[in-house]
Amino acid sequence: MTQPWTHLPQAGKTRNWCLRPARETDLPVLLEIYRATRAPEFAALSADARLLQTILDQQFEAQRRHYQAAWPAARQFIVEAEQQAIGQLYLNYAADALHLIDIALLPSQRGQGLGEALLQWVIAQAQQAGVPVNLRVRRDNVAQRLYLRMGFQVVEDDGLDLLMSRPQVG
């Protein structure tokens, strides 16, 4: 079946930010975003800075390979503010649902409404296609409060992650 939406806008602007397709040349900035957003999780290892950076780099590459293998047709976007990368969004468009694979914003960009604006854009894409939005979130991730506020519902809890879905609103 042909994907119901293949022509995504090249940019959507709100509050001085834009969303654009990621390019292979964005790998260094995607690594920096990964390091900045995931470093707190690994800080408990009490490793020196070089070892911590090596671990984060390896985890980034493992995640990247996993995403490409699990969702080969997924689309990755860079979130920019004033032509500076401040986050990323990874989506898989399927006939039955839009899967939000990953969303990450630099810590300095959080709490300003950008996450909500990105979710509104994702929800609009799903509504246009007439499908729900699905995502997985760690049980201890504070972002789940935003997802609940945006109409997502917990449909599965495996003890570590929550599978959440926002039904199609017709």
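The values are calculated or read from the model by the stated rules, or taken from the named source; none is laboratory data. Small disclaimer: the values here were computed from a predicted structure and weren't measured. As a convention, Cβ positions derive from the backbone with ideal geometry for all residues, glycine included, and neighbour counts pool all protein chains shown. Ligands, DNA and RNA are excluded from the accessible area calculation, which covers all protein heavy atoms including side chains. Shrake-Rupley method; radii C 1.70, N 1.55, O 1.52, S 1.80 Å.
Structure notes:
- With the convex hull of its Cα atoms as the shape, the chain has an orientation-averaged projected area of 10.6 nm².
- Placing a pseudo-label 7 Å from each Cα along the Cα-to-Cβ vector at Gln59 and Arg20 gives an inter-label distance of 2.9 nm.
- Along the axis of the charge dipole computed for the chain (Cβ charges of +1 for Lys and Arg, -1 for Asp and Glu, origin at the Cα centre), the listed residues Gly115, Ala39, Tyr93 are led at the positive end by Gly115.
- Accessible area expressed per residue, segment 35-123, with surrounding protein chains retained (probe 1.4 Å, Å²): 53 Å²
- Electrostatic tally near Leu105: other residues with Cβ closer than 12 Å to its Cβ, Lys and Arg +1, Asp and Glu -1, net -2.
- Apportionment of accessible area to carbon and sulfur, the chain, percent (1.4 Å): 50 percent
- Site pair Ala81 and Ser46 shows an inter-label distance of 3.6 nm when each label is modelled 7 Å from Cα along Cα→Cβ.
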